[in-house]
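Report on the structure given below.
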Amino acid sequence: MAGPQRNTETPTGTATLAVPTPDCGLCPRLADFRRQNRLAFPAYHNGPVPAFGTLAGRLLIVGLAPGLHGANQTGRPFTGDYAGDLLYDTLIRFGFARGSYGRRPDDGMDLLDTRLTNAARCVPPENKPTPAEIATCRPFLAQEIAAMPNLRAIVALGTVSHASTLTALGRRPAHFAFGHGARHDVRDNLRLFDSYHCSRYNTNTGRLTTEMFQAVFAAVREHIDRTG
Ligand SMILES: O=c1cc[nH]c(=O)[nH]1
């Protein structure tokens, strides 16, 4: 766990972006959980899950945290478990992705004009990152945002992502109430769209329907096409 806490990646070939090291120890509880998971599931990714998609994109989607048998297994956000089913299908429908989601990182899915990341990069016990863990991981989210020169829209999946995104942008969450379908102009040329998280729990309970989720991305599509 010792050693530098930051790597850099150069996805655009120009900008460098700080990302957590594979053995990031900034959150002791998550590092402990990772050690347990390495023993229990040695074939899994078991590390911070990097963002997926291009930094040149106009859209950034911010999830909560990797699922134990999803992104923590495969190393790609929202990949490997139910959480990606509705998300990737919706992205394809509105032209933000192409391919077909196969729950595997080698399924050939491409994001178009879009980047996908999480408020916390490491899998938390019981899918619940603590506020301190979200805060510790926030600089990586802030760097993602800062490294996207064409950004026009951010979709926050759930209240935790909504608040962390606003804080990363230097805005006060108390000034922007979360609501499914809510839109907030958070700075010049940048609109935040809120959605309930596309988790199995939310869709099974009917809190989030396919139509509700699609309506958010229809609005994002319209916004991006209109603002260029
Ligand atoms: O928020 C989530 C849920 C599942 N998988 C992710 O990568 N993020």
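Could you work out how far apart the two model spin labels at SER100 and ALA43 are, taking each label as a point 7 Å from the Cα in the direction of the beta carbon, and quote it in nm?
Label-label distance for SER100 and ALA43, simple model: 2.3 nm.
By how many nm would the segment from ASP32 to ASP225 grow when fully extended, if each residue of separation counts as 0.36 nm and the alpha-carbon distance is taken off?
Length gained, ASP32 through ASP225: 65.1 nm.
If you roll a 1.4 angstrom probe over the protein chains with everything in place, what fraction of the accessible area of the chain belongs to carbon and sulfur, to the nearest %?
In the chain, the share of accessible area belonging to carbon and sulfur is 52 percent.
Quick one: if the Förster radius is 30 Å, what FRET efficiency do ALA218 and ARG172 give, using the C-beta to C-beta distance and rounding to 0.05?
Taking R0 as 30 Å, the efficiency between ALA218 and ARG172 is 0.55.
For ASP32, ASP113, write out the residues from largest to smallest accessible area, computed with a 1.4 angstrom probe and no ligands counted.
ASP32, ASP113
Decide, for the chain, between rounded, prolate and oblate: order the square roots of the alpha carbon gyration tensor eigenvalues as a ≥ b ≥ c, take rounded if a/c falls under 1.5, and otherwise choose prolate if a/b is larger than b/c, else oblate.
Rounded, since a/c falls under 1.5.
List the chymotrypsin sites (Phe, Trp or Tyr not before Pro) within the range 175-228 that DSSP assigns to loop and that have no more than 12 neighbouring Cβ atoms inside 10 Å.
Sparse-neighbourhood loop chymotrypsin sites (Phe, Trp or Tyr not before Pro): none present.
The values are calculated or read from the model by the stated rules, or taken from the named source; none is laboratory data. Here the structure is a predicted model, which is why all the values come from computation and not from measurement. We place every Cβ from the backbone using ideal geometry, glycine too, and count neighbours over all the protein chains shown. Accessible surface areas use protein heavy atoms only, side chains included; no ligands, DNA or RNA. Shrake-Rupley method; radii C 1.70, N 1.55, O 1.52, S 1.80 Å.
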